[in-house]
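J.: Structure provided below as structure tokens; questions to follow.
Taken together, the values in this text are just the output of simple stated rules run on the coordinates, not laboratory data. Worth saying up front: this structure is predicted, and the values here are computed from it rather than measured. Heads up, the Cβs are rebuilt from the backbone with ideal geometry, glycines too, and the neighbour counts pull from every protein chain shown.
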Amino acid sequence: MSPSTAHRYTLVDSGFHRDGEPYFSVGFNYHPSSTGCDYWRDWDAERLDTDFARMAELGFNTVRFFVFWADFEPEPGVYDPVATERLREFGALAARHGLQCLPSLLTIWMNGQRFDPPWRAGRDLWHDPEMTERQLGFVRHVAKALGGVADVLAYDLGDEVIHVDQAASGALGPDGVRRWWGLLAEAVREAHPGALVLQANEASAVTGAHAFRPEHADPLDLVGLHGFPVWTPFHIESVAAPKATALVPYLVRRGRAHRPVLVDELGSYGCDEDTARDYLRAAAHGALAAGACGVIVWCWQDFTTEAKPYALRPNERFVGLLRADGTPKPAMAAFREFAGRATGELAGFRPLPAPVGVHLPEHREDGDAGYLASGGSAAAAGFYAAQLLQRAHLPYEFTAGPPVAPGAPGGHRMLVCPSVRHITLDGQRALAEYVAAGGVLLYTGGDLLHGFGGEELFGVRITDFTLRAEDADSFTWQGTRYPLAREAGQLPVLAATTATVLAVFPDGSPALTRNRHGDGVAYHLNAPFEQQLNAPHRLDEQPWHRLYADVAAAEGLAGELVGRPTVDSPEVEVTVLGRGDERRALVVNHAPRAVRTTLHHGLGAEPLELGPKAVHLIGWTRRREADA
């Protein structure tokens, strides 16, 4: 392959285009089974050729691989010519079989261990100027080597590289992260003009406290996100649990508010082959519905090698979709079905604008706030808000930046601010402007002092606090009782000024209120409603989603959803995708059991019987919908 025959990849509406046509990336993370991470030193081109031929034959188009820094730069500034030639051969072999390459540069961290260039000697990747120069030189070298022979989808600056030194990466603020990403991305683009650049991290890019987050990724073209059910702060009960297959779609929606998202690691640990199959089917389709531009599975084949890192973590050898003998596991059939759908009948379909937005007020302490710092973590609030909206069948997306007025491009008819622990004065004013312009706001508080949204907007004021959790441990509204699991600490006690009290706590103080502000309304719930759901099985204990559904119904939001499909079961997700005048409803059963439900849409009602983690698809055109 020459530069003139390589495809050109761009991003349109957060999705890949190849040579101007919509394109979905679907494939595998790859180390050869027999050599694992040693493949640049223990080279077997025939094995690569065989594996790539089979990937293409099975209907996949992308191979993600890892450029171990230690193998390519044995001494500072000296690049191994044999390894470099093997890299070029790797790219050419993939291109021979029509596979796009997704190289992960600066590979040091892998399966919980470090493959470090000895000469780095523990030096800081982000603060040491000499290490910065070495990184810039290395990414230029790799991009130049691959650019002329491989069909490169995008370059990953470094897979989960933040874990090489968590103290150093965690000390970097947003500006420092942007600078590092910007320097390396520009170096790649200099060596390979027109190339797309990302950097991939696990779920902490959304749930953690470090600054390697999608909202800071403007120097990148897109971000890579990984989500595995066994490693989350969200008390996911099992790989088969509904929350498990909703995790990656949640991460995609969070990231896509800021940058296109490629799910470049998707898989499961700690389960049998049938559970892994069902998980992959529902999670992959959920990621597509959420707007991912590709899904890359971890990983191609089980490993026969026992070398590092598998000697220390031997169970890492058994997460392939092929067994070591080459026979497919049940998950392979599920992934092939997904690949055919994503690159075939759903090619070019993207999520439609949603009427509901989830707004997470951004806040980062400027220095050490001492005893005034907001306590605790609000990481779970966004996840559980997403689960409630999904269960209420309210189409939603996450916001980026200040809220936009309803009716304006990017605006939302309703906005949810879940379990807010800290909001700034600018944040309060932005919400007030949104409501005054006609928006519907549901705001749930998560902190006595720093999470209160203000009397002017909500028509309530704090009169005191209490330590008696039983004073505010439940409320009832619209016939549904909501028992609250309150954290120990100071609970705010409110009084209404201009707001209408809709529900009260056992002590008689306002729980849920509604206040008219300008042309809109602001609902205030005096409890971290979403955050308190973060416990095993708690999401299933009550119909929590009715709160969201009842607010939407009370404000006439149902009118926004006329013609959009919905179902009776809260564990079944329905997402409408569009391509021009065409529409597709992607129905995903997140439950680990069969579900009988009815799909209601503009053309009628359709009884459905969905198997565990099953997927159903219907299609129509806007003209047909209007005629109906």
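J.: Mind checking the angle between helix 425-436 and the chain's longest principal axis? C-alpha axes, 0 to 90 degrees, to the nearest 10.
T.: 70
J.: Around Ala94, under 12 Å between beta carbons, what's the net of Lys plus Arg minus Asp minus Glu among the other residues?
T.: -1
J.: Which of the lysines could a cross-linker bridge to Lys329, judged by Cα under 23 Å and excluding same-chain residues fewer than eight apart?
T.: Lys613
J.: Now, a different point. Give a residue-ordered list of calculated ³J(HN,Hα) values for the range 93-109 (Karplus: 6.51 cos²θ - 1.76 cosθ + 1.60, θ = phi - 60°; whole Hz; x for Gly, Pro).
T.: Residue by residue, the range 93-109 yields 5, 4, 5, 4, 9, x, 9, 7, 9, 10, x, 9, 7, 6, 6, 10, 8 Hz.
J.: When a/c reaches 1.5 or more, the comparison of a/b and b/c decides; with that in mind, is the range 493-623 rounded, prolate or oblate per its Cα gyration tensor?
T.: oblate
J.: Using 0.36 nm per residue of separation minus the Cα-Cα distance, give me the extension gain between Ala436 and Ala307 in nm, one decimal.
T.: 40.2 nm
J.: Distances over 14 Å make up what percent of all Cα-Cα pairs in the range 311-358? Don't jump to the answer; show the numbers that get you there.
T.: Numbers: 774 of 1128 pairs.
Of all Cα-Cα distances in the range 311-358, 69 percent exceed 14 Å.
J.: What is the Cα coordinate range of the range 373-525 on the first, second and third principal axes, sorted by size from largest, in whole angstrom?
T.: Sorted largest first, the three principal extents are 45, 38, 31 Å.
J.: Sticking with this one: Using the number of other C-beta atoms within 10 angstrom as an exposure proxy, rank Glu397, Glu215, Glu57 with the fewest first.
T.: Values: Glu397 23, Glu215 19, Glu57 9.
With the sparsest Cβ surroundings first, the list reads Glu57, Glu215, Glu397.
J.: To the nearest µm²/s, what D does Stokes-Einstein give for the range 498-550 at 4 °C and 1.567 mPa s, using the Kirkwood radius over alpha carbon pairs as Rh?
T.: Rounded, D is 102 µm²/s.
J.: Let me ask you something else. For the range 9-347, what's the relative contact order in percent, using C-alpha pairs closer than 8 Å and at least 6 residues apart?
T.: In percent, rounded to a whole number, it is 19.
J.: By DSSP, what percent of the beta bridges with both residues in the chain are antiparallel, rounded to the nearest 5?
T.: 60
J.: Please state the equivalent ellipsoid semi-axes for the range 9-347: what are the square roots of 5 times the Cα gyration tensor eigenvalues, largest first, in whole Å?
T.: 27, 23, 21
J.: Peptides 35-48, 221-234: what's the order by average Cβ count within 10 Å, highest mean first? The partial results should precede the final answer.
T.: Values: 35-48: 16.9, 221-234: 22.1.
Descending mean neighbour count gives 221-234, 35-48.
J.: With contacts defined as alpha carbon pairs under 8 Å and 6 or more residues apart, what's the relative contact order of the range 356-560 in percent?
T.: Once normalised by length, the contact order is 23 percent.
J.: Kindly express, to the nearest 10 degrees and within the range 0 to 90, the angle between helix 45-57's C-alpha long axis and the longest C-alpha principal axis of the chain.
T.: The helix 45-57 is inclined about 40 degrees to the chain.
J.: Here's a follow-up. Restricting to the range 356-560, what percent of DSSP beta bridges are antiparallel, rounded to 5?
T.: 55
J.: Restricting the calculation to Cα positions, tell me the Rg (one decimal) and the Dmax (whole number) of the range 1-148 in Å.
T.: In order Rg, Dmax, the Cα atoms of the range 1-148 give 16.3, 46 Å.
J.: Starting from one equal scatterer on each C-alpha and no solvent at all, send me the Debye-based log10 I(q)/I(0) for the range 89-209 at q = 0.10, 0.15, 0.20 Å⁻¹, two decimals.
T.: Evaluating at q = 0.10, 0.15, 0.20 Å⁻¹ gives log10 I(q)/I(0) of -0.32, -0.71, -1.19.
J.: Is the chain best put as rounded, prolate or oblate by its Cα gyration tensor, with a ≥ b ≥ c the root eigenvalues, rounded for a/c under 1.5, and otherwise prolate when a/b is larger than b/c, oblate when not?
T.: Judged from the Cα gyration tensor, the chain comes out prolate (a/c at least 1.5, a/b above b/c).
J.: Compute the relative contact order of the chain as a whole-number percentage, counting only Cα pairs closer than 8 Å that sit 6 or more residues apart in sequence.
T.: 11
J.: Distance between Cα centroids, the range 284-305 to the range 111-125: provide it in whole Å.
T.: 27
J.: Classify the range 448-518 as rounded, prolate or oblate, taking a ≥ b ≥ c as the square roots of the eigenvalues of its Cα gyration tensor: rounded when a/c is under 1.5, otherwise prolate if a/b is larger than b/c and oblate if not.
T.: Cα axes put the range 448-518 in the oblate bin.
J.: Using only the alpha carbons of the range 1-83, determine the length spanned along each of the three principal axes and report them from longest to shortest in whole angstroms.
T.: Principal extents (Cα only, largest first): 42, 32, 24 Å.
J.: Stick to Cα atoms and the Kirkwood definition of Rh, then tell me Rg/Rh for the range 563-627. Provide the component values of the computation, followed by the final result.
T.: Numbers: Rg = 11.9 Å, Rh = 12.0 Å.
My calculation puts Rg/Rh at 0.99.
J.: Once you list every other residue whose beta carbon is under 11 Å from the beta carbon of Trp109, what net charge do they have if Lys and Arg are +1 and Asp and Glu are -1?
T.: In short, -4.
J.: Quick check: the distance between the Cα centres of the range 440-471 and the range 166-212, to the nearest angstrom?
T.: Taking the Cα centre of each part, the range 440-471 and the range 166-212 sit 37 Å apart.
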